[in-house]
1. Enumerate the calculated ³J(HN,Hα) couplings along segment A:170-177 in order (Karplus 6.51 cos²θ - 1.76 cosθ + 1.60, θ = phi - 60°), each rounded to whole Hz, writing x wherever the residue is Gly or Pro.
2. So what are the ³J(HN,Hα) numbers for segment A:299-308, from phi and the Karplus equation (6.51, -1.76, 1.60; θ = phi - 60°), rounded to whole Hz, Gly and Pro as x?
3. Could you give the distance between the Cα centres of segment B:84-144 and segment B:2-16, to the whole Å?
4. Just checking the output field for B:155-166: average partner chain Cβ neighbours within 10 Å of each residue's Cβ?
5. Magnitude of the Cβ-charge dipole of segment A:280-332, K/R +1 and D/E -1, about the Cα centre, nearest 20 debye?
6. In nm², what is the average projected area of the convex hull enclosing the Cα atoms of segment B:152-228?
7. Could you give the size of the charge dipole of segment B:126-286 about its Cα centre, using +1 on the Cβ of each K and R and -1 on the Cβ of each D and E, expressed in debye and rounded to the nearest 20?
8. At what distance in nm do the modelled label points of residue A:243 and residue A:304 sit from each other, each positioned 7 Å from its Cα along Cα→Cβ?
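Every read-out reported here was derived from the displayed coordinates using simple, explicitly stated rules and does not represent laboratory data. The model shown is predicted, which means the values in this text are computed figures rather than measured ones. Here Cβ is always computed from backbone atoms with ideal geometry, including for glycine, and neighbour counts include all displayed protein chains.
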Amino acid sequence: MRLYEYEGKELFKRESILTPSSRLACDVESALSASEVIGLPVVLKAQVLTGGRGKAGGVKIARTREDVKRYSEELFSLKISGFPVEKLLVEECLNIEKELYVGISIDRVRYCLALIGCAEGGIEIEETARRFPEKIKRVDLKVTEEMFPHQALFLAKGLGLAGSHLRPATDTILRLVRVFRRYEAKLAEINPLVLTTNGKLVAADARMSIDEDALFRHSELSEMGIEKRHEEGELTEREKRARENGIPYLDLDGDIGMFPGGAGFGIMGIDFLNFYGGKPANFMDSGGGPTPERLAKMLELLEDNPKVVAIFGARFGGISKCDDFARGVVMFLKEKGLTKPMAMRMTGNMWQEGVRIFEEAKKENPGLFTNIEIYGIETPIEDVAKRAIELARKRKEGARGGHSC
Amino acid sequence: MAILVDENSRVIVQGITGGAGSFHTKRMLEYGTKIVSGTSPGKAGQKIEGVPVFDTVAECVAATRANVSVIFLPAQFVLDGAIEAIRAGIRVVVVVPEHIPLADMMKVRQEAKEKGALVIGGNTAGIISPGKANVGIMPDIAFKPGRVGTVSRSGSLTYYVADTLSSSGFGETTCVGLGGDPILGTTFEEILDLFDKDPDTHAVVLVGEIGGVYEEMAPPRIAEMTKPVLAMIAGVHAPRGKRMGHAGAIIEGTMGTAGEKLKALEDSGAHIARTFLDIPVILNKLGV
């Protein structure tokens with residue numbers, strides 16, 4: 001879960017990492033008053049939960065009051081990778097001698113924390129790492145292992161620092177590790193770490209990502225207003241609706257709605273439709289053990305989507321059982337009804353009960369099931385995918401035929 | 001033979017009195033799994049489905065000679081529960097819950113390595129050795145005893161593979177779900193190693209998906225396998241995901257895309273299956 005730069009810097013400050021003096025502004029007026037307090041020139045930085053800010057024009061240096069007004073107006077109307085700019089960080093301009101890089105993240109291959117430093121910070125850091133791997137210095141730490149000053153010193157020397165700069169660099173690195181651990185981050189990065197002309201090391205930027213699964217034990221973060229948030233940029237209306245109902249959902253370009261079970265098959269289902277010449281309209285995941293209500297909501301998202309012409313459904317009951325699945329489908333059919341054809345397959349835990357629920361509902365009102373084909377374990381899922389593609393083709397042909405009459 | 005669990009495994013359920021714990025205890029028992037006891041602090045003396053409940057894992061081990069554990073605790077209690085199990089002498093710990101804090105899983109992995117235990121998961125469907133033991137939440141309808149081993153990161157995909165292996169007559173020795181969480185207690189190559197040593201396993205199907213780094217760690221072990229490995233990766237057509245900052249990119253490089261995973265697996269000698277139905281075709285061609 002990504003943090004805003006200003007939130008990351010707040011955590012840095014709490015651990016005594018030097019940051020430029022700054023104020024947060026949410027409109028042009030407050031940007032102007034912030035620049036007066038800090039003193040011109042200032043840097044205006046768009047606060048967005050995405051990278052590539054500099055290249056998108058999200059950072060401006062303002063030398064005059066007019067600059068502050070003009071640039072902040074500009075920035076507040078900007079969108080960066082779909083994120084509207086709602087806040088600006090107004091910051092003192094640093095006198096830069098050198099830009100360095102320090103970051104810490106989790107290495108999932110080696111099961112350790114990886115602390116990384118490079119003497120050449122800035123936006124080209126990944127390119128530098130690719131082309132000159134020898135310029136990247138690295139220290140590995142076990143998750144329970146104490147970080148000693150001499151390890152930070154090794155990294156500080158790797159940043160090309162010497163003499164009086166080593167002590168503040170060592171301190172900064174140790175503090176960054178403390179921030180990372182204290183708030184259970186997945187990433188804590190200072191890029192650039194600026195060596196100023198008067199010999200100070202200042203975190204000019206802060207990139208932090210927190211382990212959202214560990215948030216429950218960090219009430220200090222929620223006190224700062226840091227709660228669970230999405231990081232995907234601007235959501236479509238349907239993605240927002242799905243999210244409000246706790247359903248992981250993405251809109252795709254195609255016309256076949258995907259009503260899958262777990263995330264694994266949600267992804268594989270996209271491949272299958274593509275392999276056989278179909279185009280999925282969405283990715284969706286029911287999550288483990290969805291309630292019938294959530295399953296009904298999932299179907300509603302597809303029924304309401306004008307792009308969807310047919311639906312490919314799949315449930316292999318594991319922790320999410322077939323009886324709940326069938327209840328959710330029946331609930332939707334009774335409350336809303338399905339006008340789109342659906343080919344689906346259901347098997348796994350409690351499949352007999354799932355079949356019984358469908359049979360019962362069908363006996364009550366056979367009309368509800370006009371558009372649904374339900375397959376069981378005897379039909380390979382590949383065939384059901386092909387059938388959904390076939391249903392979509394027929395529906396589109398039918399629609400075209402209707403127009404020509 | 002099977003790997004990790006079989007008819008002699010003596011299994012405990014940590015969190016046996018909870019909703020998921022008691023429901024799946026019943027299912028596992030019905031399958032014939034030897035569930036010998038369960039834990040729920042403060043509820044010692046109770047019985048769930050006829051299975052005795054103890055306060056601690058150590059008591060389960062002492063009273064019922066347990067050697068495998070399956071955890072149905074809420075995610076925030078997994079760190080304590082898994083380490084308790086490892087320290088009580090349990091050698092295989094299956095972690096069903098998802099969303100376990102990353103630092104917790106790294107600590108559990110470290111403890112397991114030091115004590116010579118295997119922790120499977122989190123967010124795993126479990127382990128099943130068809131006809132012998134079902135430890136976790138896997139739907140038994142999909143599985144038949146046989147000669148192929150399966151190791152997978154995704155629950156739902158595991159079931160489809162099993163279903164295909166059953167209906168095509170190959171069946172499975174053991175199926176291991178590694179789990180869908182970002183940090184796994186056990187990785188592909190560790191399970192491949194066990195399958196390679198199991199005389200009844202004639203081939204292994206490895207099922208991965210986009211994201212993460214674990215599929216890329218398997219190739220060196222695949223290259224040394226004495227039996228064929230089939231590999232399947234979900235997400236060839238998936239939209240590209242997000243990346244974890246510069247540090248993530250520097251550490252993990254190009255790992256994570258379906259293309260990179262398939263290439264690394266194919267280069268190491270794995271046979272690539274695009275769909276489930278490709279699996280029996282390839283196995284037949286190899287004479288498994």
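1. Karplus-based 3J(HN,Hα) across segment A:170-177 equals 4, 4, 4, 5, 4, 5, 5, 4 Hz.
2. 5, 4, 4, 7, 4, 6, 7, x, 6, 7
3. 10
4. Mean partner-chain Cβ count within 10 Å for B:155-166: 6.
5. 100
6. 5.0
7. 320
8. For residue A:243 paired with residue A:304, the spin-label model returns 1.5 nm.
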